[in-house]
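Q: Attaching a single structure in structure tokens format; questions to follow.
The values are calculated or read from the model by the stated rules, or taken from the named source; none is laboratory data. The structure displayed is predicted, hence computed values, not measured ones. Ideal geometry is used to build each Cβ from the backbone, glycine not excepted, and the neighbour counts take in all protein chains shown. The accessibility values were calculated without ligands, DNA or RNA, using every heavy atom of the protein model including side chains. Shrake-Rupley method; radii C 1.70, N 1.55, O 1.52, S 1.80 Å.
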Amino acid sequence: MGLRGWLGYNTRLRERALHETRVGRVRTTHSLITNRLRKWVRTTGNMALRSVLLLSFLPSVLAGGGCPRWCSCSRTAQVECSGAEVTEMPAPLPGKAMSLQVVNTRLAALGPAAFGNASQLLALRMEKNLLEHLSPRAFWDLGALRYLSLASNRLQELPPEVFRPLARLEALLLSGNQLRRIQPAHFTGLNALKELQLHGNRLQAVPPGAFDQLPNLARLNLARNQLVRLPPRLFTPLVRLQVLRLYENQLSELAPRAFGGLGDLQELALYQNRLRQLPSGLFAGPRRLQKLLLSGNLLEVLPEGLLLGLPELSRLSLFGNALRELRPGTFGPMPQLRELRLADNQLASLPGRALANLTALQILVLSKNRLASLASAAFAGLQGLEELALHSNQLATLDGELLRGLTLLRNLSLHSNQLATLPARLFQGTPGLRALQLQNNSLEELPAGIFDGLPELRDLQLHDNPWHCNPALRSLRRWLRENRSSLGRESRHPRCASPPWQLGRSLLEPEATTFGPGTSALPEGWGTIWSRTEAPSESEPMPETLSPERWQPPLDSEAGSAEVAHEFLEELPEAGRGGGGIWGLTRTQTGVVVTCIVVGSALLLGMVLAAGVYGSSRKRSVQAKA
């Protein structure tokens with residue numbers, strides 16, 4: 001959580017503390033001024049001089065002290081110091097200061113009582129400095145502090161009990177340092193702590209009992225360290241923990257009850273580790289879990305019953321593993337699950353009703369697997385599905401009933417498979433389909449009227465297929481001309497691959513202009529094929545691309561929470577990349593054509609050079625005889 005987020009979260013607390021402080025200081029200041037004025041009146045007789053001196057004296061009294069060099073001080077009791085000129089702790093700090101920021105300086109150490117008389121500080125942010133050393137008594141007089149950030153410094157060690165005086169501290173940020181170890185004594189006395197950020201350090205282990213003295217901790221981030229294993233009951237005392245982030249470590253195993261007792265846990269991030277297997281009862285404790293991120297590991301199988309008992313789970317990410325199959329019962333009743341991401345695994349098939357318990361599922365990503373077949377009832381029960389990604393698999397055929405019941409489906413990605421044709425009734429149950437990607441397959445023709453029942457279709461990608469432009473394609477070509485806008489720019493239009501005399505012609509051109517064998521005239525646009533340099537765009541949105549609101553980081557947005565965006569980016573397909581060739585041909589066909597052109601050009605050039613050499617030598621011979 002950033003400083004602004006924390007201050008917003010504690011607005012009422014801050015306002016109350018500020019009011020109490022101001023009232024106390026006004027009373028003290030009023031008493032001081034009264035006593036000084038009484039003495040002044042007795043010793044000074046010039047009333048005009050008395051008034052001038054009073055007006056010049058009041059601001060300094062009310063300010064509670066001056067503003068240090070290289071700092072700016074506001075009327076709202078906020079002090080900000082920055083710049084390479086700052087090498088020591090700025091002093092003296094205003095006694096009334098409630099928020100202090102020392103950022104982007106060359107400050108390397110904090111000595112005893114480094115903050116002078118600024119004992120009313122509520123928030124202290126010391127980030128992006130050169131801090132390497134903390135005195136054990138650095139925070140001795142800051143008993144009112146609620147928020148402390150020492151992120152992005154060079155700290156390697158922490159003195160034991162250095163934070164002990166901060167009994168009211170609620171947020172402690174130590175991320176982005178070089179800490180190699182932590183111990184229970186570092187958190188002694190922090191009973192009020194709710195957030196602890198330790199990500200981006202060099203921790204290789206966490207000792208047992210490290211967090212036992214933090215009964216109110218709600219957010220713990222240990223990501224981006226070098227953790228190999230965790231003590232079995234490390235998190236058990238954290239009964240109020242809501243967010244636990246362990247991503248981008250080197251964890252290879254987890255104890256069966258590693259998360260036992262975490263009844264309030266809502267988010268668990270374990271992605272980008274080295275986990276090969278998960279104990280069957282691993283998630284038996286956190287029944288309120290909403291987000292479970294397991295992508296980027298080495299998981300080959302999910303134990304039966306692993307995901308049972310998670311009624312509030314809304315997002316499950318398993319992409320980038322080595323899953324080979326989804327066993328029956330893998331997904332128990334999950335009435336709240338909205339997103340399931342299984343991309344980039346090794347799934348070869350999807351059995352019928354494998355996902356039937358996920359009745360609220362809206363986004364299903366199965367791209368970049370090895371799927372060669374899908375049961376006709378593979379998506380049965382998913383009546384709420386809106387986005388389905390099946391691209392980059394090995395699908396050669398689809399059952400006509402595959403999409404039956406998916407009346408809310410909006411986006412469907414089937415590109416980069418091996419589809420040679422599609423069933424005529426495939427889209428009869430998806431009247432709301434808006435985006436359909438079929439590029440880079442082996443489609444030569446499609447059944448007549450296959451798109452007639454899709455009035456909402458706005459984005460249709462058919463390029464990079466070997467279309468056979470014969471009379472059987474007449475119905476499709478007519479539909480494409482009538483719905484030209486759904487195909488995008490001309491460079492993405494589907495083109496004929498056969499017969500040879502129609503190679504490269506757009507399917508949107510009227511059939512009346514076709515040319516048969518022996519025709520000397522070139523079709524319109526043929527001459528531009530060889531000079532076309534525009535490549536297909538790589539920025540077209542894919543069906544599984546989420547709307548902006550679905551990209552919001554979960555639960556909080558503190559600095560360093562980009563892991564969710566990172567996790568999304570790893571999963572997103574290569575938008576708009578059909579992976580095919582040009583001129584409406586597949587990669588193989590394009591390669592053959594280009595090879596022929598290059599070889600022919602080389603031969604022609606060689607013949608011209610040979611003729612020139614021969615002519616030159618012949619001329620010299622004639623001249624010599626003469």
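Q: State whether the residues of segment 490-504 include one that is among the acidic types (Asp, Glu) and within 29 Å of GLY429 (Cβ to Cβ).
A: Within segment 490-504, not a single residue is among the acidic types (Asp, Glu) and within 29 Å of GLY429 (Cβ to Cβ).
Q: Then there's this: Using beta carbons and a limit of 9 Å, which pairs, at least six apart or on different chains, have the first residue in segment 369-394 and touching a residue at least 60 places away in the same chain (Cβ under 8 Å) and the second one of a type in the set (Ser, Thr, Tyr) and surrounded by fewer than 23 Cβ atoms within 10 Å (Cβ to Cβ)?
A: Taking only residues 6 or more apart or on different chains, the pairs are GLU387/THR545.
Q: Which residues, taken from segment 121-153, are among the basic types (Lys, Arg), over 16 Å from GLU88 (Cα atoms) and open to solvent by 70 Å² or more (accessible area, probe 1.4 Å)?
A: Of everything in segment 121-153, just one residue is among the basic types (Lys, Arg), over 16 Å from GLU88 (Cα atoms) and open to solvent by 70 Å² or more (accessible area, probe 1.4 Å), namely ARG137.
Q: Mind checking which pairs have a first residue in segment 399-421 that is within 20 Å of ALA354 (Cα to Cα) and a second that is of a type in the set (Asp, Glu), Cβ under 6 Å, 6 or more apart or different chains?
A: LEU408/GLU386
Q: Criterion first (farther than 29 Å from ARG181 by Cβ, touching a Ser or Thr at 6+ places or on another chain (Cβ under 8 Å) and at pLDDT 95 or above) does GLN290 satisfy it?
A: Criteria met by GLN290.
Q: Filter segment 339-368 for residues that are among the hydroxyl-bearing types (Ser, Thr, Tyr) and in contact (Cβ under 8 Å) with a residue 60 or more places away in the chain and give the result.
A: Selection gives SER367 alone.
Q: Shifting gears a bit: Go through segment 338-361 and give me each residue that's assigned to a loop (DSSP other than H, G, I, E, B), touching a strand residue (DSSP E or B) at 6+ places or on another chain (Cβ under 7 Å) and under 18 Å from LEU409 (Cα atoms).
A: Passing the criteria: ARG338, LEU358, LEU361.
Q: Would you say ARG274 is in a loop (DSSP other than H, G, I, E, B), under 27 Å from GLN336 (Cβ atoms), open to solvent by 20 Å² or more (accessible area, probe 1.4 Å) and modelled with pLDDT of 95 or more? Give the derivation first.
A: Values: in a loop (DSSP other than H, G, I, E, B): yes; under 27 Å from GLN336 (Cβ atoms): no; open to solvent by 20 Å² or more (accessible area, probe 1.4 Å): yes; modelled with pLDDT of 95 or more: yes.
Taking the combined requirement at face value, the residue does not satisfy it.
Q: State whether one or more residues within segment 84-91 are modelled with pLDDT of 85 or more and more than 41 Å from the chain's Cα centre (by Cα). Break it down into steps so the answer makes sense when it comes.
A: Initial filter on segment 84-91 (modelled with pLDDT of 85 or more): 84-91.
Retained after the next criterion (residues that are more than 41 Å from the chain's Cα centre (by Cα)): 91.
The answer is yes, given that some residue of segment 84-91 is modelled with pLDDT of 85 or more and more than 41 Å from the chain's Cα centre (by Cα).
Q: If the requirement is being in contact (Cβ under 8 Å) with a residue 40 or more places away in the chain and of a type in the set (A, V, I, L, M, F, W, C), which of these qualifies: VAL243, VAL239?
A: Exactly one residue qualifies, and that residue is VAL243.
Q: List every residue pair whose Cβ atoms lie under 6 Å apart, where the two residues are 6 or more positions apart in sequence or sit on different chains, the first residue falls within segment 495-506 and is under 15 Å from GLN439 (Cα atoms) and of a type in the set (Phe, Trp, Tyr), and the second residue, located anywhere, is open to solvent by 10 Å² or more (accessible area, probe 1.4 Å) and part of a helix (DSSP H, G or I).
A: none
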